[in-house]
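Enquirer: Sharing a structure, written as structure tokens. Questions coming.
Please treat every number below as a calculation from the coordinates, not as lab data. Everything quoted here is computed from the prediction, not taken from an experiment. So basically every Cβ, Gly included, is an ideal-geometry build from the backbone, and we count neighbours across all protein chains shown.
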Amino acid sequence: MLQDEVAGYLAEIEAAPLQTPDALEAFRLRFLSRNGLVQGLFGRLKEVEPAQRKEMGQILNNLKNRAEETFATAKAAAEAAAEASTGPLLDLTLPPPPHALGSRHILNLVRDQMLAVFRQIGFAVADGPEIEDDWHNFTALNFPPDHPAREMQDTFFVERGGPGGDVVLRTHTSPVQIRVMQERQPPIRSLMPGRVYRNEAISARAHCLFHQIEGLYIDKDVSFVDLKETLYYFVRTFFSPETAIRFRPSFFPFTEPSAEIDISCQICHGDGCNICKHTGWVEIGGSGMVHPNVLRNSGIDPDVYTGFAFGMGVERSAMLKYQIRDLRLYTENDVRFLRQFAVV
Ligand code: DAH
């Protein structure tokens, strides 16, 4: 009887294991395809007694619905399981997203640019400690005992009045001059880059830590002319050939004579702006002929040797070269600022 056959198929549908794609496809072909069972049964309706055809039709419709529902549910479950195990389908032919590279910090870049200029004329790079004793930071550099730069407001003290005197965070790179001269005799052509510390309130124009590059040249018959020529060369190479330079008489305990180094303003080119305070000139560092006391303190005979020294700010040089108006940008780590100097 057709009715018994249908009951058997219904039981088969309920029990069908439909976990794999192959099983699903076999089920579809057996029950739901054009030549499948369900269509075949509908074809046999004409064999049924006319009086029972309507009821039989409903039975077959029910069978068809059960088969379709079972198939749809099992197919959806199989797809969900596949997605959960492999994730959404990947297009492996797409090019990979670009890898975001970091960039070197602008202060490192500018420091290396500055060092490179001096390296071309025979300067070598030397290093010294950031925690310094009073003797190297002040005394050997000919600072009198009561010099104001030793006072609390400028200097961070690590230790006061220890067995070897005060210990400080170096306030400039000049103590490395002493260390270099203690280690070897002239000729000396050294650059000493590094971080320095001063007890200052942080603002757009001042910071409690910044970077300097110290230069030292000691040999026989070194004169102020050598100092000027060296710095002319630096300024024209590092900034631009048109940059003007002037030396302004000044005072440092460790040099005599001493001069501040000014260059023509890189922002307004002499027209006057607030960076150069409308003078057309900006200071980039200090310089001078090494004081005989400093040579003597470091074990070098001032009757045989003379030399010049200079110290320049890295932040200041970068500011002028790249028109940066606030010192705090260097340490805030805002990638929008840092990325602009991305030379990889
Ligand atoms: N040490 C000085 C400072 O921090 C800068 C300086 C001036 C360095 C003159 C020198 C120099 O070597 O000769 O302000």
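Enquirer: For Cα pairs less than 8 Å apart in space and 6+ apart in sequence, what is the mean separation divided by the residue count of region 1-91, i.e. the relative contact order in percent?
Expert: 34 percent.
Enquirer: Mind pulling the angle between the C-alpha long axis of helix 174-183 and the longest principal axis of the chain? Nearest 10 degrees, somewhere in 0 to 90.
Expert: 70 degrees
Enquirer: Please give the FRET efficiency for LEU92 paired with LEU32, using the beta carbon to beta carbon distance and R0 = 35 Å, rounded to the nearest 0.05.
Expert: 0.55
Enquirer: Please find the FRET efficiency linking ILE121 to ASP301, where r is the Cβ-Cβ separation and R0 is fixed at 35 Å, and quote it to the nearest 0.05.
Expert: After rounding, the FRET efficiency stands at 0.90.
Enquirer: Mind pulling the angle between the C-alpha long axis of helix 50-86 and the longest principal axis of the chain? Nearest 10 degrees, somewhere in 0 to 90.
Expert: Helix 50-86 and the main axis of the chain meet at about 20 degrees.
Enquirer: Something else about it: Within the chain, which cysteines find no other Cys whose Cβ is under 4.7 angstrom from their own?
Expert: Among the cysteines of the chain, those whose Cβ sits 4.7 Å or more from every other are CYS208.
Enquirer: Something else now. Can you run the Rg to Rh ratio on region 82-193? Use alpha carbon positions and the Kirkwood inverse-distance Rh.
Expert: Ratio of gyration radius to Kirkwood radius: 1.36.
Enquirer: Relative to the present Cα-Cα distance, how much length would full extension add between ARG53 and HIS269 at 0.36 nm per residue of separation?
Expert: Contour length minus the Cα-Cα distance gives 67.4 nm.
Enquirer: Sticking with this one: Angle between the Cα long axis of helix 2-15 and the longest principal axis of the chain, 0 to 90 degrees, nearest 10?
Expert: 20 degrees
Enquirer: I would also like to ask the following. For LYS220, give me every one of the aspartates and glutamates with a C-alpha distance below 19 angstrom, ignoring sequence neighbours fewer than eight places off in its own chain.
Expert: Result set, ordered by chain and number: GLU183, GLU229, GLU256, ASP301, ASP303.
Enquirer: With bins 10 Å wide starting at 0, give me the P(r) of region 220-288 over every alpha carbon pair, in whole percents.
Expert: 21, 47, 27, 5, 0
Enquirer: Given the options GLN52, GLN185, GLN323, state which has the largest fluctuation in a GNM of the chain using a 10 Å cut-off (strictly under) for Cα springs.
Expert: Greatest mean-square fluctuation among the candidates belongs to GLN52.
Enquirer: Here is a follow-up. For LYS277, which lysines qualify as cross-link partners when the Cα separation must be under 26 Å and same-chain residues fewer than eight apart are set aside?
Expert: Filter leaves LYS228, LYS321.
Enquirer: Which translational diffusion coefficient, to the nearest whole µm²/s, is obtained for region 212-344 from the Stokes-Einstein equation, given a Kirkwood hydrodynamic radius over C-alpha pairs, 20 °C and 1.002 mPa s?
Expert: 131 µm²/s
Enquirer: Say R0 is 22 Å: what FRET efficiency, to the nearest 0.05, do ASP112 and GLU256 get from their beta-carbon distance?
Expert: After rounding to 0.05, the efficiency reads 0.10.
Enquirer: Let me ask you something else. Whole Å is fine, so just give me how far the alpha carbon centre of region 321-344 lies from that of region 35-79.
Expert: 74 Å
Enquirer: If you stretched the chain out fully between LEU101 and PHE337, how much longer would it get, using 0.36 nm times the residue separation minus the C-alpha to C-alpha distance?
Expert: Computed gain between LEU101 and PHE337 is 83.5 nm.
Enquirer: Need one number: nm distance between label points at ASP219 and HIS278, each 7 Å from Cα along Cα→Cβ, rounded to one decimal.
Expert: Taking the two extended label points, one gets 4.6 nm.
Enquirer: Could you tell me what % of all Cα pairs in the chain have separations over 35 Å?
Expert: I get 49 percent for the Cα pairs in the chain exceeding 35 Å.
Enquirer: Still on this structure: Starting from 0.36 nm per residue, how many nanometres of slack lie between LYS75 and PHE157 once their C-alpha separation is accounted for?
Expert: That pair, LYS75 and PHE157, stretches by 21.9 nm at full extension.
Enquirer: I'd like the distance separating the alpha-carbon centroids of region 87-150 and region 203-223, in whole Å.
Expert: A separation of 14 Å, based on Cα centres.
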